[in-house]
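Take a look at the structure below.
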Amino acid sequence: MLELLLCSLLTIFPDYLYRRYRQGKRLGHEITLYSVWFELRWGIITCLMLTVALITMIFYFHPSTTSATLFYRTVPIVLEITVDPIWNVVPASVADGPFTFTGHLPFPLPTSGRILEKGDVIFKLDSAKQEASLQTANRKIAEVDASMLAAQADILKAEGQLEEAKGALKQASDEIDTKRELQKRNPGIVPQRDIEKLEVAVAGRQGSVDAASASKQSAMIRVSALLPAEKASAEAALAEAQVDLDKTIIRAGVDGRVEQFALRPGDVVNPMIRSAGVLIPEGAGRSTLLAGFGQIEAQVMKVGMVAEATCISKPWTIIPMVITNVQDYIAAGQFRGGEQLVEAQQVVRPGTVLVYMEPIYQGGLEGVTPGSSCLANAYTSNHDLIASGKVGSFKSFALHVVDAVGLVHAMLLRIQALLLPIKTLVLSGH
């Protein structure tokens, strides 16, 4: 309507002045309701053409959208759980609170709307199984320590057996040397059978020495390598059991507020079916406005463009914004690899160009509820190009016109902001 009125001042109104004062035709006489279409045909046709061109230029160079929202991230309150070999989730039940934690710090279950800091305890799961695993791991370490003491005693025992075997070997070796010396001096004085028995005895005593030495070496290897490895494995199992026990205590990962938390002692928590609640990070949805503009405006949207927005949760307020990022991809074109080919007709609605906006002034979004729907305009500015002197006079004038018509869209946004409560409360049927 504003565009039509503006264009009529440049087309229909001059045409009427010409008919009235140049040709002497008057309203109600020569110019009537039936003849106005013929008398002012040039002005009307020119007005329609200029209006269409002006509307096209305004909506292209100064795009607007009603798809603007203050999106925010939520953190589901779920547990880190263990799965069985077939990957079925094992549910856990909420333990009675308050309970005793490290340092004996009791705490109650939180309620919806409670403010939490990073690391605060939200709730505790039943930890009987994890505590039993931790105790088993501790017992395993104690068992390895006892085995270490027993292995050291085995080393001492093996050393004694080795010394005993060496003594027996020396005695047998001395005896056979004596027999051989006597046999050498007086042949036949020592029976050959006795010498053979002594040789067999020496070989047996040597085997006893080797066996005792091997037993000592085995005990030393058990003390130096095997048992330390077993202890390291036991300590790793203890650490794993401690981690599993710590997982039964659900803590806040970020500063934020708990919402939709309705757990009570004895409830079952399953991340595949039911989460415990939602944690909304502090400051979520209070810094960036995400807006989707038409694909035809993709070439116009640039980082640094000035924009304005008005939100339903804060009516009658225009928020100055600036575009900080323009997403290079349109979400409607994404697909996941699978067993079916992509069919282009499946994309029923064309996607939009996602734009990130931030308030120019600090606290610009204060009072706007996160998740609120907004109306947004973006304005093309050619001031730097005009001031650079790199364009001619005609193009400079055209760029001035492009920048100036943004005022029409700014007026429309303010009219929308003014009528938004009326449209929402009265004309929407509620």
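The values are calculated or read from the model by the stated rules, or taken from the named source; none is laboratory data. The model shown is predicted, which means the values in this text are computed figures rather than measured ones. Positions of Cβ are backbone-derived with ideal geometry, glycine not excepted, and every protein chain shown enters the neighbour counts. When the accessible area is computed, the model is the full protein with side chains, heavy atoms only, and any ligands, DNA or RNA have been set aside. Shrake-Rupley method; radii C 1.70, N 1.55, O 1.52, S 1.80 Å.
Quick notes on this one:
- The residues of segment 288-322 that are surrounded by fewer than 15 Cβ atoms within 10 Å (Cβ to Cβ) and polar (S, T, N, Q), listed by number, are 295, 299, 313, 317.
- Single match in 172, 132, 158 (criterion: assigned to a helix (DSSP H, G or I), modelled with pLDDT of 75 or more and farther than 30 Å from residue 261 by Cα): 158
- Residue match in segment 229-241 (condition: over 30 Å from residue 332 (Cβ atoms) and in contact with a strand residue (DSSP E or B) (Cβ under 7 Å, 6 or more places away or on another chain)): no
- One residue stands out among those in segment 346-366 that are open to solvent by 60 Å² or more (accessible area, probe 1.4 Å) and among the hydrophobic types (A, V, I, L, M, F, W, C): the one that is nearest to residue 282 (Cα to Cα), which is 360.
- Residue in segment 221-244 that is farthest from the chain's Cα centre (by Cα), counting only those that are open to solvent by less than 30 Å² (accessible area, probe 1.4 Å) and closer than 16 Å to residue 131 by Cα: 234
- Check on residue 218, of a type in the set (Gly, Ala, Ser), more than 30 Å from residue 177 (Cα to Cα) and open to solvent by 70 Å² or more (accessible area, probe 1.4 Å): yes
- Answer residue from segment 376-430, given it is assigned to a helix (DSSP H, G or I) and touching a Pro at 6+ places or on another chain (Cβ under 9 Å) and is most open to solvent (accessible area, probe 1.4 Å) among those: 418
- Residue that is in contact with a strand residue (DSSP E or B) (Cβ under 7 Å, 6 or more places away or on another chain) and closer than 30 Å to residue 136 by Cβ, where the choices are 263, 279: 263
- Unmet requirement for residue 369, which otherwise passes all of (1) surrounded by 15 or more Cβ atoms within 10 Å (Cβ to Cβ); (2) not in a helix (DSSP H, G or I): (1)
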